[in-house]
Amino acid sequence: MIDVIVIGAGWSGLTAAARLASSGRSVAVVEKSRGPGGRSATRREEGFIFDHGAQYLTARSDAFSRQVEAWTGAGLLAPWTPSLTVFGKRPDHAGESPARRWVGVGGMNAVLHRLAGGLDCRWGWRAESIEFDRQSWRVRSTDGQLLEACSLLVTAPPAQSSALLGPEHAFSGQLDTVEMLPCWSVMVGFAEPPATAFDAAFVNEGPLSWVARNDSKPGSQSTSAWIGHASAAWSRDNLEAEPEEVADALFAAMTELDSAFNRPSRLCLAHRWRYAMARAPLDGPILADDGRKLVVAGDWCAGERIEGAWISGVAAAQRLASVL
């Protein structure tokens with residue numbers, strides 16, 4: 001029987017899994033997608049490369065700053081210094097703009113690919129049910145596969161984590177209080193580069209909240225690839241809309257933002273992040289049940305940024321190591 005099953009191959013799950021494995025624990029990571037990344041996903045379509053989830057990362061704590069420097073030294077991250085602009089009035093609640101931004105070299109999932117490379121990861125493995133039987137956890141997939149382990153780490157969004165754990169689990173009250181905000185993302189590949197005066201922009205008016213030229217990032221191997229993120233309010237109002245309709249609407253919003261976007265596109269796709277970020281994260285990096293050797297983790301525990309997800313993953317690994 002293995003030591004730990006980790007559900008989810010995003011920042012929290014892979015951070016914890018890598019640390020546990022490096023300390024000699026046997027770990028299996030199950031992920032419903034075809035590869036690592038979670039919301040730090042990178043999509044490749046028709047020669048274009050899109051970071052259609054998290055756009056960059058920042059480092060505020062000393063611990064994460066040191067980790068970012070290590071990844072940068074390994075060639076996995078690089079500083080990103082785009083030409084930035086702002087459309088619309090900056091919200092009163094907006095914090096200070098970070099002094100430095102980093103991106104994955106070749107895609108925002110570069111670090112996660114490196115972490116996953118040394119782990120037992122089961123891609124396309126969708127967890128359907130979880131049960132605890134005295135001293136072990138059993139996780140069954142939708143196609144009938146079964147894994148058993150001494151401990152369990154769940155890093156799915158709160159609603160999905162709660163559904164997997166069932167109505168009687170110890171964290172039901174806390175998980176149910178976390179509201180996750182959605183985000184629609186549009187990916188546009190242009191036949192010719194739009195002549196914009198900026199590489200990225202914060203947008204505080206209309207459907208959009210952010211636009212960025214993906215090929216302005218270090219290590220990008222595509223050209224004329226742009227990303228647009230809709231605001232949480234617009235995404236919520238159009239949550240169940242068809243992706244084609246969303247793509248058209250957000251592309252139209254880009255052309256209204258800057259006429260340079262009003263040109264033929266070779267590709268225009270939309271992706272829905274149903275659980276993009278927590279409106280109000282929990283005040284603590286993890287939820288833990290030591291008696292059952294269960295930990296629930298994610299950026300919604302420790303802050304909505306990538307740094308928060310990493311902090312949560314580190315805390316999860318430390319907690320599980322202490323009870324195994």
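A few comments on the model shown:
- Set side by side, the residues Val211, Val296 differ, and just one is surrounded by 15 or more Cβ atoms within 10 Å (Cβ to Cβ), under 26 Å from Thr42 (Cβ atoms), in contact (Cβ under 8 Å) with a residue 24 or more places away in the chain and among the hydrophobic types (A, V, I, L, M, F, W, C), which is Val211.
- As a summary of the residue check, Leu239 satisfies the conditions (1) modelled with pLDDT under 95; (2) surrounded by fewer than 15 Cβ atoms within 10 Å (Cβ to Cβ); (3) hydrophobic (A, V, I, L, M, F, W, C) except for the one numbered (1).
- Cβ separations smaller than 6 Å between residues 6+ apart or across chains give the following pairs from the range 56-70 residues that are over 16 Å from Asn109 (Cβ atoms) to residues that are among the hydroxyl-bearing types (Ser, Thr, Tyr): Ala59/Ser65.
- Scanning the range 265-272 for any residue that is more than 24 Å from the chain's Cα centre (by Cα), within 16 Å of His229 (Cβ to Cβ) and not basic (Lys, Arg) turns up nothing.
- Of the set (1) part of a strand (DSSP E or B); (2) over 30 Å from Trp226 (Cα atoms), all apply to Gly144 but (1).
- Residue in the range 154-171 that is buried (at least 20 other Cβ atoms within 10 Å of the Cβ) and assigned to a strand (DSSP E or B) present: yes
- Residue list for the range 179-195, filter: assigned to a loop (DSSP other than H, G, I, E, B) and in contact with a Ser or Thr (Cβ under 9 Å, 6 or more places away or on another chain): Ala191, Glu192, Pro193, Pro194
- The set of residues in the range 250-267 being surrounded by fewer than 18 Cβ atoms within 10 Å (Cβ to Cβ) and under 16 Å from Asn238 (Cβ atoms) consists of Ala252 alone.
- Residue count for the range 18-47 satisfying the condition of being in contact with an Asp or Glu (Cβ under 9 Å, 6 or more places away or on another chain) and on the phi < 0 side of the Ramachandran plot: 12.
- Those residues of the range 108-140 which are of a type in the set (S, T, N, Q), farther than 21 Å from Ala41 by Cβ and touching a residue at least 40 places away in the same chain (Cβ under 8 Å), in sequence order: Ser136
- Enumeration of residues in the range 53-69 that are in a loop (DSSP other than H, G, I, E, B) and within 14 Å of Val314 (Cα to Cα): Ser61
- Taking the criterion of being among the polar types (S, T, N, Q) and crowded, with 19+ Cβ neighbours inside 10 Å, the only residue of the range 119-153 that qualifies is Ser151.
- Qualifying residue in the range 197-215 (condition: in contact with a strand residue (DSSP E or B) (Cβ under 8 Å, 6 or more places away or on another chain), among the basic types (Lys, Arg) and closer than 27 Å to Gly298 by Cβ): no
- Filter result (under 15 Å from Ala156 (Cα atoms) and over 16 Å from the mean Cα position of the chain (by Cα)) within the range 297-322: Ala316
The values are calculated or read from the model by the stated rules, or taken from the named source; none is laboratory data. As the structure is a prediction and not an experimental result, all values here were calculated from the model. When we count neighbours, we look across all protein chains shown, and the Cβ atoms used for this are built from the backbone with ideal geometry, even at glycine.
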